[in-house]
Amino acid sequence: MKRTHVFYCFIFLSGFFVGCAEEKEKGEEIPMESFREEVQATSVQTGRSQRKSFDYLINATGKIEASSQVMVIVERQGYLVDLTVSEGDRVQEGQVIAKLDNSDSKFALEKARVELSSRMAEFENQKLGYPTVYENPAADPETLAEWDSRLKASSGVLTAEISLREAELEIEKSTVKAPISGTVADVKVKKGSLVNGGDEVCEIISMGQLEMRVKVLESDINFISNGQTAEIYPVSGGEEGLRGQVIAINPKVDENGLVQVTIKLQSQGKLLPGMNARAIIRAPQNDSLVVPKQAVVYRSGRPVVFTIENNQAIWNYVEVGKDNGKEMEILDGLTADVEVIVSNNVQLAHQAPIQILNDAM
């Protein structure tokens, strides 16, 4: 029995040492450099950092408005006896669009005329009482005008003239005219209805020129000035960008830290007043270091750009500036004319092997 136990122990120990020797040999056969070379290279595409003029794009939304948009109101009380327009009608400045019953105004006008005639007769009678003034051939025009003014006041002519003018104005107010040329919108009254002074009749919109008012962050307002170009896109889509131009900047910042900017559209396209739209204002920045936007990735909240050295990806922390959707401004951490990785860089590691495939772009 003792010989058997010794034999099995010898076999076990021989196997243990042989196994250890094999493991040691395997460990020596795979050094780290060999392991790194076996990692498959990541296929990437590249661009370059450039120092150039950089268009910073300021995005803002707002509503399309007509440059001339006027609410037509009634100036006196009365029954609307005629309404000559409907929504969508084109009207010219001064065109009659509604009429009020003016029977009482006509009566007041006739009464004012009679009163003025009576007062004029009294004025002529009073002039007869001053022959030294009115029959004197040497009387100068200024003296005669002064006496006329006195006698018209005392005879009631001036008061009667004012009453006549008031009656004429009431007649004019019974006719509602278009204050501008344009298209009728939002008709708010009906023929035969009783209206009061200040009631709205309709709105007239001048479609010849459209504008857009947008709110811009106060931090961006220093990049905007009158005359800058902009592109206008309807929020609903389906329309190519229309060109516009900044024509006014409100000098006041509102309670939300926003500044109102007015943009004039150079053409109308299919846009209508009241439509929601998006404006992109171009603010050119000279001598900026930029990279393609895809070159910038974020790791733990910090921006990173990968450059290339010996066919390996090199990790570079950078400080970024403005972004125009296609390019991003680099303030620090990179130099000009450097090849940067723009694809497959989200999960890329420092010193990872890469293969450039720009020819496939």
Worksheet item: Restricting attention to segment 278-296, which residues are surrounded by fewer than 16 Cβ atoms within 10 Å (Cβ to Cβ) and modelled with pLDDT of 90 or more?
Response: K293
Item to complete: Within segment 180-200, work out how many residues are surrounded by fewer than 15 Cβ atoms within 10 Å (Cβ to Cβ) and under 17 Å from V70 (Cβ atoms).
Response: 4
Worksheet item: How many residues does segment 226-256 contain that are at pLDDT 90 or above and exposed (fewer than 11 other Cβ atoms within 10 Å of the Cβ)?
Response: 5
Practice prompt. Might you let me know whether segment 270-285 holds any residue that is more than 14 Å from the chain's Cα centre (by Cα) and in a loop (DSSP other than H, G, I, E, B)?
Written response: yes
Worksheet entry | Enumeration of residues in segment 139-180 that are of a type in the set (A, V, I, L, M, F, W, C) and not in a helix (DSSP H, G or I) | A139, V176, A178, I180
Worksheet entry | Checking L169 against (1) without any contact (Cβ under 8 Å) to a residue 24 or more places away in the chain; (2) touching a helix residue (DSSP H, G or I) at 6+ places or on another chain (Cβ under 7 Å); (3) open to solvent by 40 Å² or more (accessible area, probe 1.4 Å), the condition it does not meet | (2)
Item to complete: Look through A60, A98, A41 and report the one residue that is open to solvent by less than 60 Å² (accessible area, probe 1.4 Å), modelled with pLDDT of 60 or more and within 30 Å of C202 (Cα to Cα).
Response: A98
Discussion item. Taking the condition of being of a type in the set (A, V, I, L, M) and under 16 Å from the mean Cα position of the chain (by Cα), how many residues in segment 192-223 meet it?
Written reply: 6
Item to complete: Could you please find all residues in segment 329-352 being open to solvent by 30 Å² or more (accessible area, probe 1.4 Å), touching a Ser or Thr at 6+ places or on another chain (Cβ under 7 Å) and farther than 17 Å from K52 by Cα?
Response: N344
Item to complete: Give the residue, chosen from A60, A66, A98, that is within 21 Å of K191 (Cα to Cα), among the small types (G, A, S) and in a strand (DSSP E or B).
Response: A98
Response to the item:
Among (1) among the polar types (S, T, N, Q); (2) in contact with a helix residue (DSSP H, G or I) (Cβ under 6 Å, 6 or more places away or on another chain); (3) assigned to a strand (DSSP E or B), T183 falls short only on (2)
Worksheet entry | Residues located in segment 297-327, provided they are outside any strand (DSSP E or B) and open to solvent by less than 40 Å² (accessible area, probe 1.4 Å) | V318, N324
Worksheet item: Of these, S49, S86, S67, which one is touching a strand residue (DSSP E or B) at 6+ places or on another chain (Cβ under 9 Å) and within 30 Å of I314 (Cα to Cα)?
Response: S49
Fill in: Residue check, K215 over 18 Å from D101 (Cα atoms), of a type in the set (K, R) and open to solvent by less than 60 Å² (accessible area, probe 1.4 Å)
no
Worksheet entry | Test for K106: is it open to solvent by 90 Å² or more (accessible area, probe 1.4 Å), in a helix (DSSP H, G or I) and either closer than 30 Å to A279 by Cβ or touching a residue at least 60 places away in the same chain (Cβ under 8 Å) (or both) | yes
Worksheet entry | Among the residues listed as E75, E115, E122, E93, the single one being open to solvent by 60 Å² or more (accessible area, probe 1.4 Å), touching a helix residue (DSSP H, G or I) at 6+ places or on another chain (Cβ under 6 Å), touching a residue at least 24 places away in the same chain (Cβ under 8 Å) and within 30 Å of T183 (Cβ to Cβ) | E75
Worksheet item: Taking only pairs six or more apart or across chains, which ones have beta-carbon atoms under 7 Å, a first residue in segment 265-285 that is of a type in the set (V, I, T), and a second residue that is open to solvent by 40 Å² or more (accessible area, probe 1.4 Å)?
Response: I280/N59
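The values are calculated or read from the model by the stated rules, or taken from the named source; none is laboratory data. Please read these numbers as outputs of a predicted model, since none were measured by experiment. Virtual Cβ from ideal backbone geometry, glycine too; neighbours counted across all protein chains shown. Surface areas here come from the heavy atoms of the whole protein model, side chains and all, with no ligands, DNA or RNA. Shrake-Rupley method; radii C 1.70, N 1.55, O 1.52, S 1.80 Å.
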